[in-house]
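Participant: Sharing a structure here in structure tokens format.
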Amino acid sequence: MRSIKARTTGKANRAVKQAIIPGYGQKGMGWLTDPKKAAYNKVYKKTTFSIFDLFK
């Protein structure tokens, strides 16, 4: 089982960041924090596919 610290620290840190940083944790914020990575991920997601996708 995880320690008490492991179970509470992340939740506390996220709560603090949400209070301080507007838009923290919202969908689409990657474009502001790292636009190059967000653009790459968008292209990658649109262009790659699995062999199992062919049978859908």
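Participant: Can you sort ILE21, ILE4 so the residue with the fewest Cβ neighbours within 10 Å comes first? Don't skip to the end; give the middle numbers.
Facilitator: On the way: ILE21 11, ILE4 8.
In increasing order of surrounding Cβ atoms, one gets ILE4, ILE21.
Participant: Once you have a ≥ b ≥ c as the square roots of the Cα gyration tensor eigenvalues for the chain, tell me rounded if a/c is under 1.5, and otherwise prolate or oblate according to whether a/b is larger than b/c.
Facilitator: Oblate, because a/c is 1.5 or more while a/b does not exceed b/c.
Each reported figure results from applying straightforward, stated rules to the coordinates on display, with no laboratory input. Keep in mind that what you see is a predicted model, and the values were worked out from it rather than measured. Virtual Cβ from ideal backbone geometry, glycine too; neighbours counted across all protein chains shown.
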